[in-house]
Amino acid sequence: MARKLRMGMVGGGKDAFIGAIHRLAANMDGQIELVCGALSINPAVAQESGEILFLPKDRIYLTFEEMITKEAALPSDKRMDFVTIVTPNFAHFAPAMMALDNGFHVVIEKPIAFNLDEALQLKAKVDATGLVLCLTHTYSGYPMVKQAKAMVADGVLGKVRKIWVEYPQGWLSKLSEREGNAQAAWRTDPKKSGKSGSMGDIGTHAAHLAEYISGAKISKLCADLNTVVTGRALDDDGAVLLHFDNGATGVLMASQVAAGEENALKIRVYGEKGGLEWAQMEPNTLIVKWLDAPTQILRAGSNYTDRLSSYATSNCRTPGGHPEGYLEAFANIYKNFAATLMAKLDGTVPSKEALDFPSVEDGIRGMAFIDNVVASAQSNEKWTTYKINNQ
């Protein structure tokens, strides 16, 4: 393409954490520009946020309905190409569906929707329209996560037998939702967040990472959910035993009351010949443990094309030893989405590396994970069969 992709944004105003992250990530590779936005449900904040970002006055919108309707009426060489949705969970579905109905591609924050039914409706719409939907499961954007996935897929570890994945945080160790913490307030509110707290918010990241790296799908689970902080409406801690469709078993832990922990996502995958270990807080390192050889440490770097997979090196921006982290991983999601969308608009075929970003299918898996974990936690049965759409 001879131009940048044009992005609109729903949510993500001046006081929103994740909106700024999305804008930084989208802009990192110079392929995308923000051209319009409906940046808050508060009209004054929406207007001020648009002005802060130097959006044209006539493209600062006060509602997502106004934005999508007016953008759809613009000439094809001016209107946005896609919309990024960075609102709380309960406000994902309506703008996503309206965008798809009006011919716009979609990038959407995890989780994809408020419930599984909404996710399935979005998939049906994506299938019917042929539009591209990208889900920002950020951790799959790290180069060494992609390296781990490639090594498992290539059979380097042999058959995968065991998966441990944990995501401890400590930021909800107090009743912060009643102390003026806006993030805590909506994330612990069933009307805004959904039926699960910690498992919905960060457990879904852990489940996605386990499936993404291993290439296997969760088939059965046994879950225990806890609400540790008195007065909280949703779970803030939990653990899940997992069975995968390739015969592997696993353990998943997600807690937001692990006092002192920051964002300590970690995964270990073990096969017949060895294991892999990756931690989000040391993201440029992948530890490879061999059954019959010394432990190996692999490091991210665009210059390591002779020893890392193309999936890893194509998502590195700097030579080894130059740290790349959360923002770069987030940007990799946007970079691959942009390359795929540009190829689609040009009538060409995107590379296999460009196609490697989370999609509507991952969104459905995430919503099904929440449903199945909650059902298991409420059941007296040890194991419950993993279901999608009650089938």
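No value in this document is a laboratory result; all are computed from the given coordinates. Remember, it's a predicted structure, so these values are computed and weren't measured experimentally. Note that we place each Cβ from the backbone using ideal geometry, even for glycine, and neighbour counts take in every protein chain shown.
Miscellaneous remarks
- Positive-end extreme of charge dipole, the chain - chosen from 150, 172, 234 (charges on Cβ): 150
- Annotation: the residues 241, 122, sorted from fewest to most other C-beta atoms within 10 Å of their own C-beta, follow the order 241, 122.
- With a threshold of 32 Å on the Cα-Cα distance, the over-threshold entries among 220/344; 123/149; 149/344; 123/289 are 220/344; 123/289.
- Residues 23, 178, sorted so that the one with the fewest Cβ neighbours within 10 Å comes first: 178, 23
- In the chain the longest region clear of chymotrypsin sites (Phe, Trp or Tyr not before Pro) that are loop-assigned by DSSP and have at most 14 other C-beta atoms within 10 Å covers 55-382.
- GluC sites (Glu not before Pro) restricted to the stretch 171-239 and DSSP loop, no more than 14 other C-beta within 10 Å: 179
- Dipole magnitude for the stretch 5-131: about 120 debye, using +1 per Lys or Arg Cβ and -1 per Asp or Glu Cβ, origin at the Cα centre.
- Against the set (i) 64, 54, 41; (ii) 53, 53, 40; (iii) 61, 51, 35, the structure's computed Cα extents along the principal axes in Å falls on (i).
- Among 255, 176, the order by Cβ neighbours within 10 angstrom, fewest to most, reads 176, 255.
- Part-to-part distance (alpha-carbon centres) for the stretch 11-40 and the stretch 341-391, which is given in Å: 25 Å
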